[in-house]
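Structure provided below as structure tokens; questions to follow.
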Amino acid sequence: MKTFLTSTALVLLAGTAMADTITLYTSQPNADAQQTVDAFMAANPGTEVEWVRDGTTQLMARLRAEIEAGNPQPDVLLIADTVTLEGMAQEGLLTAYQSPEAENYDAALNSPEGYYHSTKLITTGIVYNTGVETAPESWADLAQDGLKGQVAMPSPLYSGAALIHLATLTGDDSLGWDYYETLAANEARAQGGNGGTFKAVASGEKPYGMVVDFLAIRNKAEGSPVEFVFPNEGVSYVTEPVAIMSTAKNLEGAQKFVDFLISEEGQQLVLDMGYIPAREGMGVPEGFPARDQIRLMDFDPAAALEQAEADKAKFTELFGAE
């Protein structure tokens with residue numbers, strides 16, 4: 001009888017341990033992911049986090065394979081962009097959750113139904129080498145005839161942020177596809193990701209470029225000969241949203257994780273990491289302008305998802321498949 005009771009107790013304890021563990025799939029950089037997980041577990045000492053880190057494209061390929069096999073592993077996702085999660089929501093792969101913390105956010109940054117919540121703002125603006133004679137102030141400035149062959153940008157065929165940037169600018173009445181047609185005619189280079197674009201500008205190979213904010217601002221602080229501009233028309237943005245899988249094994253733990261990330265404590269962590277928090281009323285990292293001076297351009301994840309393949313095809317027609 002004693003042995004039976006002991007065995008039963010162990011089974012119950014094991015079940016409790018499993019219930020108090022959540023599995024996270026994230027595209028955060030490793031250091032950021034570890035810091036996020038450590039902070040969450042410190043704030044929720046009864047919940048453990050097992051996590052897998054990879055690029056969003058690679059993570060989605062892995063998750064799709066798991067879904068096909070009938071055994072998806074993650075309870076919660078923390079990945080680069082809302083477009084990917086919008087697609088998953090439309091497929092019924094996410095669970096809606098109306099976090100009580102969401103009232104502190106611009107409604108445009110979150111799924112109206114609660115399928116995903118934004119955690120930060122990573123904007124794309126203009127970077128230029130300090131050796132140039134003329135500093136750009138707007139997106140339109142990069143399309144001037146005098147800058148032929150001098151502009152670099154990441155490709156939307158390679159970068160999710162660049163695809164969202166493309167959808168945002170082509171959806172703007174003052175820019176549209178005419179803007180990209182002009183860039184192509186002016187021999188703008190469009191290939192690779194943000195890292196390669198930044199290096200091209202920092203080295204002087206291409207004096208001007210489009211790049212995510214923190215790359216330019218952090219490297220400038222470390223002595224790189226660059227400046228970053230938030231253009232007059234505004235900036236596109238990705239938000240590293242968090243979402244709960246419809247197959248989550250630990251729904252309560254996943255909800256706690258969402259609540260923490262978008263709470264004031266979780267958003268202070270985002271700020272400490274050097275990113276702009278998505279939550280209203282927070283500060284900005286050193287080197288950034290005040291939040292109210294950063295204009296976010298209009299962006300509709302559902303529309304961007306619907307037109308993504310057409311946008312890629314048209315971009316390839318203009319710039320090639322690099």
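Hey, could you grab the Kirkwood Rh for the chain? Inverse mean 1/r over distinct alpha carbon pairs, Å, one decimal.
On the way: mean 1/r = 0.0479 Å⁻¹.
Across the chain, the inverse of the average 1/r is 20.9 Å.
With 21 Å as the limit, write out which pairs from 220/312; 148/206; 206/314 have Cα-Cα distances beyond it, or answer none. If you can, show how the numbers build up before the last one.
Numbers: 220/312 32 Å; 148/206 10 Å; 206/314 24 Å.
Table pairs above 21 Å Cα-Cα are 220/312; 206/314.
Order these by the 10 Å Cβ neighbour count, fewest first: 81, 32, 172, 54.
Working: 81 23, 32 20, 172 17, 54 14.
So the ranking, lowest neighbour count to highest, is 54, 172, 32, 81.
Quote to one decimal, in nm, the extra length available between residue 187 and residue 291 on full extension: 0.36 nm per residue of separation minus the C-alpha distance between them.
On the way: separation 104, 0.36 × 104 = 37.44 nm, distance 3.37 nm.
The span from residue 187 to residue 291 would gain 34.1 nm if fully extended.
By the gyration tensor of its Cα atoms, with a ≥ b ≥ c the square roots of the eigenvalues, what is the shape of the stretch 181-322: rounded for a/c under 1.5, prolate for a/b over b/c, or oblate?
Values: a/c = 2.18, a/b = 1.33, b/c = 1.64.
Oblate.
May I ask you to derive the FRET efficiency for residue 54 and residue 103 from their Cβ-Cβ distance with R0 = 41 Å, giving the value to the nearest 0.05? Write out the running numbers ahead of the final one.
Working: r = 32 Å, r/R0 = 0.79.
The value I calculate is 0.80.
Where nothing but the Cβ of Lys and Arg (+1) and of Asp and Glu (-1) is charged, how large is the charge dipole of the chain around its Cα centre, in debye to the nearest 20? If you can, show how the numbers build up before the last one.
Working: 18 positive and 46 negative charges, 196 e Å.
Roughly 940 debye, rounded to the nearest 20.
Multiply the residue separation of residue 62 and residue 138 by 0.36 nm, subtract the distance between their alpha-carbon atoms, and state the gained length in nm to one decimal. Could the numbers behind the result be given before it?
Values: separation 76, 0.36 × 76 = 27.36 nm, distance 3.95 nm.
Roughly 23.4 nm would be gained on extension.
I've got another one for you. The stretch 218-266 to the stretch 268-289: how many Å between their Cα centroids?
10
How much of the DSSP beta bridge set in the chain is antiparallel, as a percent to the nearest 5? Kindly include the intermediate steps, with their values, before the conclusion.
Values: 20 of 34 bridges.
Antiparallel bridges make up about 60 percent of those DSSP assigns within the chain.
Using a cut-off of 18 Å between alpha-carbon atoms, which aspartates and glutamates can reach residue 199, once sequence neighbours fewer than 8 places away in the same chain are excluded?
Here the aspartates and glutamates satisfying the reach criterion relative to residue 199 are 213, 222, 227, 322.
Separate question: Distance in nm between label sites at residue 218 and residue 71, each 7 Å beyond Cα in the beta-carbon direction?
Taking the simple label geometry, residue 218 and residue 71 are separated by 3.6 nm.
Let me ask something additional. Report, in deg cm²/dmol and to the nearest 500, the calculated mean residue ellipticity at 222 nm for the chain, where each DSSP H run with n ≥ 4 adds -39500 (n - 2.57) and the sum is divided by the residue count. List each step's numbers first, then the result.
On the way: 11 runs with 134 residues, N = 322.
Only helices count here, giving -13000 deg cm²/dmol.
Cut-off is 10 Å between beta-carbons; in what order do 88, 60, 41 appear when sorted fewest neighbours first? Let's see the in-between values first.
Values: 88 21, 60 18, 41 14.
Taking fewest neighbouring Cβ atoms as first place, the list is 41, 60, 88.
Still on this structure: Of all GluC sites (Glu not before Pro) in the stretch 64-144, which ones are in loop regions per DSSP and have a Cβ with at most 16 other Cβ atoms within 10 Å? Could the numbers behind the result be given before it?
Working: sites: 66, 68, 86, 91, 101, 103, 113, 133, 137; in loops: 91, 113, 133, 137.
Hits after loop and neighbour filter: 91, 113, 133, 137.
What trypsin sites (Lys or Arg not before Pro) does the stretch 215-322 have in DSSP loop regions with at most 13 other beta carbons within 10 Å? It would help to have the intermediate numbers written out before the result.
Numbers: sites: 218, 220, 249, 256, 279, 291, 295, 312, 314; in loops: 249, 279, 295.
Taking the stretch 215-322 and a limit of 13 other Cβ atoms within 10 Å, the loop trypsin sites (Lys or Arg not before Pro) found are 295.
Next up: Taking the square root of 5 times each eigenvalue of the Cα gyration tensor, what semi-axes in Å does the equivalent ellipsoid of the stretch 90-236 have, largest first? Walk me through the intermediate numbers first.
On the way: eigenvalues 191, 63, 37 Å².
Semi-axes, largest first: 31, 18, 14 Å.
For the stretch 181-265, state which GluC sites (Glu not before Pro) are in a DSSP loop and have at most 14 other beta carbons lying within 10 Å of their beta carbon.
187, 205, 222
Further, regarding this structure: With springs only between Cα atoms under 10 Å apart, run a GNM on the chain and tell me which of 140, 65, 161 wobbles the most.
Of 140, 65, 161, the most mobile in the Gaussian network model is 65.
OK, next. Using the alpha carbon gyration tensor of the stretch 42-162, what are the three equivalent-ellipsoid semi-axes (square root of 5 times each eigenvalue), largest first, in whole Å? The partial results should precede the final answer.
On the way: eigenvalues 271, 73, 45 Å².
Taking √(5λ) for each eigenvalue gives 37, 19, 15 Å, largest first.
Just check the stretch 279-322 against the gyration tensor rule for me: Cα atoms, a ≥ b ≥ c as the square roots of the eigenvalues, rounded for a/c under 1.5, and otherwise prolate or oblate depending on whether a/b exceeds b/c. Before the final figure, lay out each step's value.
On the way: a/c = 4.10, a/b = 2.18, b/c = 1.88.
Taking the square roots of the gyration eigenvalues as a ≥ b ≥ c, the stretch 279-322 is prolate.
Read the figures in this text as sums done on the coordinates, not as results from a lab. What you see is a predicted model, and the numbers here were worked out from it, not measured in a lab. Note: ideal-geometry Cβ built from the backbone for every residue, glycine included; neighbour counts use all protein chains shown.
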